[in-house]
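Report on the following structure.
The values are calculated or read from the model by the stated rules, or taken from the named source; none is laboratory data. Because the structure is a prediction, the values reported are computed rather than measured. Cβ placement follows ideal geometry from the backbone for every residue including glycine, while neighbour counts extend to all protein chains displayed.
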Amino acid sequence: MRGAAAVLAAAALATLGLAAPARAEAPPLPRLNITADYATGVSSGGFMATQLQVAYSGTFRGVGVIAAGPYDCGQGNVIRFATCDLGLGVGTLEQQAETWASQGLIDPLANLDGLPVYTYHGVLDPIVNPLVSAAGVDFYRHFGAVTTTHDWDPAGHSWPTPDGVVPCPLTSPPFLNDCGDDPEGEMLTAWLGQVNPPNTGAPRGTLVHFDQNAYVPGGYGPFLSMDTTGQLYVPPPCASGAPCRLVVALHGCLSAQQLLGTAFADRGNLDTYADTNDLVILYPQAISSLLPVNPQGCWDWFGYDGSDYAVKSAPQMRAVVAMVHALGG
């Protein structure tokens, strides 16, 4: 792991006064009344959210891609994300998806027709080229998705949130930047059509740790660079059996609970909307590892867990989908 980034992340956690991740034995996920599933993520989590939604398009009814790009952007090589497709029209990524769909390796691409897609890319993002973000929009539009794009903020590489603690232009842990607007509200509106204003007071729901091992192929998360526990936010109506929608939210590199505790959940502005819109927020957790080679705790969007990372048999995606199904999605 990059030493300076790790030190900054630890300092950010201490400054925010956030709790370290639970390591004691955690319970399984509760069974809830889930009526629809959505996926979002930032950076590696954004690439992963796209892969998850495309591969399992029969499950996920919308996607939010923050500071990331198109499906299978890595193409088995982490270096290629800097230049993947570059938004130059229909290319190899769309063709590859069509081939995999015809082989049954991913769900039918017809599911993407009319799909609500929200993308966000900061003008000052030094990690992901704006053309890569645009290529993600082109990919979805090629298959008939309805896209909403926010690409004008002077933001660094980050998850932008009204509760951010990093100035908008910077790229720095905990990668929660305040740019003076509300992309989460935009994203949820793009998915759902209309949302109630967020809760601006004390959280009404509960953030809990759950046993991720129970849903990971092989039964032990660290073998796949996943943590042994994940996080789940459940508002009271959802806990009591009310119909609720599920949002899977995937952190970026150097942003898992291993380094930042509950920062993403506490300040990411999803739990606030969950309280007022009957949403359940699932926060799966990756970890840094030497084997597989994943020193920054990224999600596997380029193949460190195997060559099938972008199709339905991908072990990390199977784990997340097992969590979704366990919740009732």
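Results for (1) surrounded by fewer than 19 Cβ atoms within 10 Å (Cβ to Cβ); (2) at pLDDT below 95; (3) not charged (D, E, K, R), shown as yes or no for each residue.
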| position | (1), (2), (3) |
| --- | --- |
| 32 | no, no, yes |
| 38 | no, no, yes |
| 42 | no, no, yes |
| 45 | no, no, yes |
| 48 | no, no, yes |
| 67 | no, no, yes |
| 74 | no, yes, yes |
| 77 | yes, yes, yes |
| 80 | yes, yes, no |
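For segment 190-216, a residue qualifies if it is crowded, with 16+ Cβ neighbours inside 10 Å and either among the β-branched types (Val, Ile, Thr) or out of contact with any strand residue (DSSP E or B) (no Cβ under 9 Å at 6 or more places or on another chain) (or both), and the qualifying residues are 195, 198, 199, 208, 214, 216. Pull up segment 157-184, narrow it to residues that are touching a residue at least 60 places away in the same chain (Cβ under 8 Å) and among the aliphatic types (A, V, I, L, M), then point me to the one that is farthest from residue 46 (Cα to Cα). Applying the filter and picking the extreme gives 165. Number of residues in segment 116-137 that are touching a Phe, Trp or Tyr at 6+ places or on another chain (Cβ under 9 Å), in contact (Cβ under 8 Å) with a residue 60 or more places away in the chain and either closer than 18 Å to residue 184 by Cα or not in a loop (DSSP other than H, G, I, E, B) (or both) equals 7. Remark: residue 133 matches the filter, which requires a residue to be in contact with a Ser or Thr (Cβ under 9 Å, 6 or more places away or on another chain), buried (at least 21 other Cβ atoms within 10 Å of the Cβ) and at pLDDT below 95. Within segment 190-216, residues that are free of Cβ contacts under 8 Å to residues at least 24 places away in the same chain reach partners that are of a type outside the set (A, V, I, L, M) with beta carbons closer than 7 Å, at six or more positions or on different chains, in the pairs 213/219; 213/220; 213/221; 213/228.
In segment 292-309, the condition of being in contact (Cβ under 8 Å) with a residue 40 or more places away in the chain, among the small types (Gly, Ala, Ser) and closer than 24 Å to residue 62 by Cβ is met by no residue.
Inside segment 24-75, residues that are over 27 Å from residue 102 (Cβ atoms), assigned to a loop (DSSP other than H, G, I, E, B) and touching a residue at least 40 places away in the same chain (Cβ under 8 Å) make up a count of 11.
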